[in-house]
Amino acid sequence: MGECERVAHGGKISGMNEISLAKATIRKQILEAREVGNPSNQELTANLLAVVDEYQPKRVGTYLSYPSEPSTTDFIEALINSGNAVLVPETVGENELVWHEVSTGTETTLRSGDLLFIPALAVDELGNRLGRGKGYFDRELSGLQGVVIYAVVFEDEVLASIPVERHDQRVDGVVTQARILKIN
C-alpha cells in the first residue's frame, strides 16, 4: 500500500507524508533538469577510475546508465579493458536486484572487498542518497558489509541536505564529474 493510501492513527486518511512529498519534489526537479542535457563524461570516468585505483577492489559493481544519468559506459569499458571483474545489477520482480559479472554473465552477489557505484538523483554531504523511489538499492545496501559504496551524480545534484526516512541507506562517498567526496 502506498503512502497516499495509508490510514493514519485515529482513522483519519492522510496524504503523502511530509518527507515523501519533499523527496518527490526534489526528484521531479532533478529529472526535469537532466532533460536539458548532461555534462561531458570524460571527467566523470576519470574520477570513477581514481576511486577504483585508490581502493583496489576485488570486483567493481556499477550500474548500466540510462541516457539521463551520469554515464557509466566508458567506465565499464575501461574496467573490462584493464582486467577488472565488473558486476552489474538486473531488477527482478518488484523489489530485488540480481548481480551479474559482465565478462561471464554469471549470477553473483556483492561481498566484502567489492567497490560499488550506484545511481542517485541527489546526495548530500552526509551521504544521504535520493534514488528514484523504488527502494531497490536501499534494500540491497541494508544487508551489505565490507563493501565501499559511492553514489554517482552530476555536480549540481550534491545538495546541502536531503530528506531521509528510516529505510534510507547512506553511502560512503560521492563521485561527480567535478570531484570525489568521501563521506566516512
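The values are calculated or read from the model by the stated rules, or taken from the named source; none is laboratory data. Keep in mind that this is a model prediction, so the values were computed, not measured. FYI the Cβ positions are ideal-geometry reconstructions off the backbone, even for glycines, and counts take in every protein chain you see. Ligands, DNA and RNA are stripped out before the accessible areas are found, and what is left, the full protein with its side chains, is counted by its heavy atoms. Shrake-Rupley method; radii C 1.70, N 1.55, O 1.52, S 1.80 Å.
Loop-located GluC sites (Glu not before Pro) in the range 63-122 (DSSP state other than H, G, I, E, B) with a sparse environment of at most 15 neighbouring Cβ atoms within 10 Å: 94.
Result for the chain in a Gaussian network model with C-alpha springs under 10 Å: among 173, 61, 133, the largest mean-square fluctuation is at 133. The Rg/Rh ratio for the chain is 0.99, where Rg is the radius of gyration of the alpha carbons and Rh is the Kirkwood radius. Of all DSSP beta bridges confined to the chain, the antiparallel ones make up roughly 50%.
Comparing 57, 67, 89 in a Gaussian network model of the chain where C-alpha atoms under 10 Å apart are linked, the largest mean-square fluctuation is found at 67.
Hey, what's the chain come to in accessible area per residue, 1.4 Å probe, Å²? Intermediate values should be presented prior to the final figure.
Details: 10150 Å² over 184 residues.
Counting only protein heavy atoms, the per-residue value for the chain is 55 Å².
Computed from Cα atoms alone, the Kirkwood hydrodynamic radius reported for the range 61-154 is 13.9 Å. Between the C-alpha center of the range 111-129 and that of the range 137-184 there is a gap of 3 Å.
When the accessible area of the chain is split by element with a 1.4 Å probe, what percent falls to carbon and sulfur? Provide the component values of the computation, followed by the final result.
Details: 5090 of 10150 Å².
For the chain, the apolar C and S fraction of the accessible surface comes to 50 percent.
Taken over the range 34-97, the ratio of Cα radius of gyration to 2.2 N^0.38 Å equals 1.23.
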